[in-house]
Amino acid sequence: MQFAQRIDDQMDSNLEALLAAPAAGQVSFAGGLPDPQLFPERELSSAFSQALTTAGAQCLQYASAAGYEPLRQKIAHFLRRDGVPASTNTVMLTQGAQQALDLTARLFINPGDGLVVEGPTYAGALAAFDAYQPHYLSIPVRSDGMDMTILRQTLEQHPVKLLYTVPDFQNPTGTVMSLRKRKQLLALAREFDFIILEDAPYRSLRYRGIGLPTLRELDTDDRVIHVGSFSKILSPGLRLGWLTATPALLSRLITLKSGADLETSNLMMRAIDSYLNTNDLGQHIRQLRSTYAAKQEAMSTALQAGLPQGVGCSQPDGGFFLWVTLPEGCDSERILSRCRDHVTFVPSTTLYAARNDRRGIRLAFTNPSTDDIQRGCAELCNSIRQELVMVNSTKQLQQRN
């Protein structure tokens with residue numbers, strides 16, 4: 001049996017393992033899963049019942065590829081309140097944000113085309129992009145976002161069609177791109193003629209500080225496609241996301257979606273619309289912020305107390321993740337092998353386009369309980385200490401020889 005060349009060349013993103021439930025006695029910091037205790041089960045159950053009761057036949061029928069219009073109208077209002085220029089006619093509903101990434105790559109990327117990603121970046125984005133065989137150009141992420149000096153140097157040397165970024169509470173580092181860098185990025189997009197794919201699944205989950213305008217809000221040249229999702233603010237099982245773009249781009253993306261799946265589930269769209277008619281999404285998001293802020297603080301405190309000297313850890317103001325940076329010579333996959341019976345995490349090898357960086361660890365704090373966070377961090381810190389002892393012993397032996 002012969003598969004397509006693009007399939008043979010595609011690397012395993014390990015997404016299935018990231019989303020797997022932890023084994024008995026194991027604490028998982030791996031998948032970016034919400035806390036299931038915060039899912040509004042009763043309200044969603046009522047919303048599905050209401051949708052079927054009031055429009056059962058329509059719920060179960062085919063619908064528009066662009067998505068249920070009343071729900072698109074509500075999402076456009078949600079975006080406008082955040083400063084994003086959006087209307088019903090510039091919003092398309094997708095099967096989670098993941099499909100929005102896939103459709104955008106399908107629209108722009110031919111094999112070998114330049115695609116800029118952050119280093120590190122979201123493993124699911126790499127999985128979506130890999131099928132289109134881009135030439136990846138990875139730009140380091142600093143404490144205030146993508147390194148614009150290296151980005152300019154890269155753009156001067158390589159043609160680029162698309163740039164992917166998570167500017168708010170970046171996955172996996174938790175960093176926020178500064179306002180200065182957002183403006184620089186838009187200027188570079190204008191100068192070098194590329195499209196920016198702005199992925200914003202964590203934007204509503206800020207626990208401290210004041211938010212910055214989205215790239216789409218700052219965009220004056222219609223170069224930004226803005227992507228969002230209900231996965232982190234309502235439930236990932238709903239598989240409902242959206243993108244907003246210019247009418248010209250949206251028309252092409254709707255055509256691609258029609259060929260991919262015809263439409264997003266009509267029942268799902270109408271049920272979520274019903275939920276939004278009778279519930280306060282803003283209040284629900286405030287509850288998420290309160291709970292997740294406490295969990296983030298618990299993880300930060302445990303790591304600060306337990307990590308050995310020389311190991312760095314990010315202190316994000318929102319989102320789902322903390323990022324641990326290991327000293328030279330350490331290997332995150334080796335640490336994972338040592339502690340995986342007790343605690344799991346995402347090693348940095350899966351979070352770079354080249355899959356060759358071993359000195360980073362992504363930790364998700366939203367799903368485990370506070371007690372499990374403390375227990376898991378203790379196990380992790382102990383494994384990192386063992387790794388440092390081994391690395392230092394090896395260096396001493398090499399120096400003697």
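The values are calculated or read from the model by the stated rules, or taken from the named source; none is laboratory data. Keep in mind the model is a prediction, meaning the values are calculated, not measured. Quick reminder, even Gly has a Cβ in these numbers, built from the backbone with ideal geometry, and neighbours come from all protein chains shown.
Quick check, is L107 more than 22 Å from D168 (Cα to Cα), over 17 Å from the mean Cα position of the chain (by Cα), of a type in the set (A, V, I, L, M) and at pLDDT 95 or above? Considered against the rule, which asks whether it is more than 22 Å from D168 (Cα to Cα), over 17 Å from the mean Cα position of the chain (by Cα), of a type in the set (A, V, I, L, M) and at pLDDT 95 or above, L107 comes out as yes. The numbered conditions (1) in contact with a strand residue (DSSP E or B) (Cβ under 9 Å, 6 or more places away or on another chain); (2) under 20 Å from R252 (Cβ atoms); (3) of a type in the set (S, T, N, Q) are all true for N89 except (1). Pairs are defined by a Cβ separation below 9 Å, a sequence spacing of at least 6 or placement on different chains, a first member in segment 336-351 that is acidic (D, E), and a second member that is assigned to a loop (DSSP other than H, G, I, E, B); the pairs so defined are D341/A23; D341/G25; D341/Q26. A residue that is assigned to a helix (DSSP H, G or I) and basic (K, R) can be found somewhere in segment 150-163.
Look through R152, R206 and report the one residue that is surrounded by fewer than 19 Cβ atoms within 10 Å (Cβ to Cβ) and either in contact (Cβ under 8 Å) with a residue 12 or more places away in the chain or under 19 Å from R355 (Cα atoms) (or both).
R152
Highlighted here are the helices (runs of 4 or more DSSP H) found entirely within segment 43-139 that include at least 3 residues which are surrounded by fewer than 19 Cβ atoms within 10 Å (Cβ to Cβ) and free of Cβ contacts under 8 Å to residues at least 24 places away in the same chain: 69-81. Of the residues making up segment 295-314, those that are in contact (Cβ under 8 Å) with a residue 60 or more places away in the chain and in contact with a helix residue (DSSP H, G or I) (Cβ under 7 Å, 6 or more places away or on another chain) are K295, A298, M299, A302, L303, G306, L307, P308, V311.
If I ask for residues that are within 24 Å of L205 (Cβ to Cβ) and surrounded by 13 or more Cβ atoms within 10 Å (Cβ to Cβ), which ones from segment 301-311 would you list? Talk me through it step by step, then tell me what you get.
Initially, segment 301-311 is screened for residues within 24 Å of L205 (Cβ to Cβ), giving 301-304.
Result: T301, A302, L303.
In segment 271-322, of all residues being acidic (D, E) and in a loop (DSSP other than H, G, I, E, B), the one that is farthest from G32 (Cα to Cα) corresponds to D280. At least 1 residues being within 12 Å of the chain's Cα centre (by Cα) is the threshold, and among the strands (runs of 3 or more DSSP E) wholly inside segment 190-244 those reaching it are 195-199, 224-229. Reported count of residues in segment 101-124, each being over 19 Å from F345 (Cβ atoms) and touching an Asp or Glu at 6+ places or on another chain (Cβ under 8 Å), is 1. Could you look through segment 312-337, keep only residues that are surrounded by fewer than 17 Cβ atoms within 10 Å (Cβ to Cβ) and charged (D, E, K, R), and pick out the one that is farthest from V391 (Cα to Cα)? Here the answer is E333. Under the condition of being outside any helix (DSSP H, G or I) and surrounded by fewer than 17 Cβ atoms within 10 Å (Cβ to Cβ), which residue from segment 26-42 is farthest from the chain's Cα centre (by Cα)? Within segment 26-42, the match that is farthest from the chain's Cα centre (by Cα) is P40. When you look at L303, is it more than 18 Å from the chain's Cα centre (by Cα) and farther than 24 Å from I361 by Cα, yes or no? No, not satisfied.
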